[in-house]
Amino acid sequence: MRISLFDRRQFFAALTIVVLANNVLAKNSSLNFITAGHPDAAEILPPPPALDSVEQAADMEAVKSVYHAASDTDKTAAYSEKKFTVFNFTGAVGPWFVETNLPKTTAFFEKVQTDAETVTDAGKDFFKRPRPYTTDPTLENGKLEKSFSYPSGHSTESMVLALVLADLLPDQHDAIIAHARTMGWHRVQIARHYPTDIYAGRVLAQAIARQFKKSDAFEKEFAEVQAELKTAREASHN
């Protein structure tokens, strides 16, 4: 029996839908302290500036200005943060805050970051904003990302980590939050993001952190991590 061109098109369209659905299910099944769509970046965030708008032009000029003004030190730091964890905040917390001393903390924040990444990726796929260097290839530098730009994953994830960590260590709140802001801004300094991507990430991070607090599993692990941090901190002073 011969298969018509129309039947083939229907088959591949159905196959595409199945693949996309499986990808969504796989991402959602990896969630730890939140459920799919809560929070939803598409509902919380305004859309990014339209590509042919005055706002977009201003956003692009800001990227160019920040990128060309950035020091080599800032750019090196930005490149080093392509992959990061909560232990990027050791400088803000103290030398005792290291992975080898804190197994519960490590596992907890891996879950926190995974949830933040999943929410952010859904937002990126919804808004589909091209990266600055995609729109203006003169901004290409280093190894480039293929994902979309809005909201910034680095800004969202680092701020989520910071908000949770600052709740655990309130006496170091300001230093922790400041470090997250710096990590987000580094992404503009290497032209990976627009400033509006960074600001959107900070807003989304607050929504994610609020949603965590509705989870009994989150609160249980939070308390366990709080005790582990207290023990490690006290041991460092002995």
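Side notes on the structure shown:
- Ranking 77, 223, 170 by Cα position along the charge dipole of the chain, where only Lys, Arg, Asp and Glu carry charges on their C-beta atoms, puts 77 farthest toward the positive end.
- Residue with peak Gaussian network fluctuation, the chain [Cα springs, cutoff 10 Å], from 143, 104, 128: 143
- Extension gain for the segment residue 42 to residue 175, taken as residue separation times 0.36 nm less the Cα-Cα distance, is 44.9 nm to one decimal.
- In this simple spin-label model, placing a label point 7 Å from the Cα along the Cα-to-Cβ direction at both residue 199 and residue 226 gives a separation of 3.4 nm.
- Total lysine pairs whose alpha carbons fall under 27 Å of each other in the stretch 52-111 (8 or more apart, or interchain): 8
- Contact order relative to length of the stretch 148-237, as percent, for alpha carbon pairs under 8 angstrom and 6 or more apart: 38 percent
- Surface/4 estimate of mean projected area, convex hull on alpha-carbon atoms of the stretch 92-238, nm²: 9.3 nm²
- Using θ = phi - 60° in the Karplus curve 6.51 cos²θ - 1.76 cosθ + 1.60, the 3J(HN,Hα) couplings for the stretch 122-134 round to 4, x, 4, 5, 6, 7, 6, 7, x, 5, x, 6, 6 Hz; x is entered for Gly and Pro.
- Relative to one another, the C-alpha centroids of the stretch 201-220 and the stretch 57-76 are positioned 31 Å apart.
- Alpha-carbon Rg with Dmax, taken over the stretch 126-192, Å: 14.3, 44
- Multiplying the residue separation of residue 217 and residue 35 by 0.36 nm and subtracting their alpha-carbon distance yields 64.3 nm.
- Remark: the chain carries 54 Å² of accessible area per residue (probe radius 1.4 Å; ligands, DNA and RNA excluded).
- Length added when fully stretched, residue 65-residue 107, from 0.36 nm per residue minus Cα-Cα: 11.2 nm
The values are calculated or read from the model by the stated rules, or taken from the named source; none is laboratory data. Just so we're clear, the structure is a prediction, and the values are computed from it rather than from any experiment. Neighbour counts are summed over all protein chains in view; Cβ atoms, including those assigned to glycine, are modelled from backbone coordinates with ideal geometry. We work out accessible area using only protein heavy atoms, side chains counted, and drop any ligands, DNA or RNA first. Shrake-Rupley method; radii C 1.70, N 1.55, O 1.52, S 1.80 Å.
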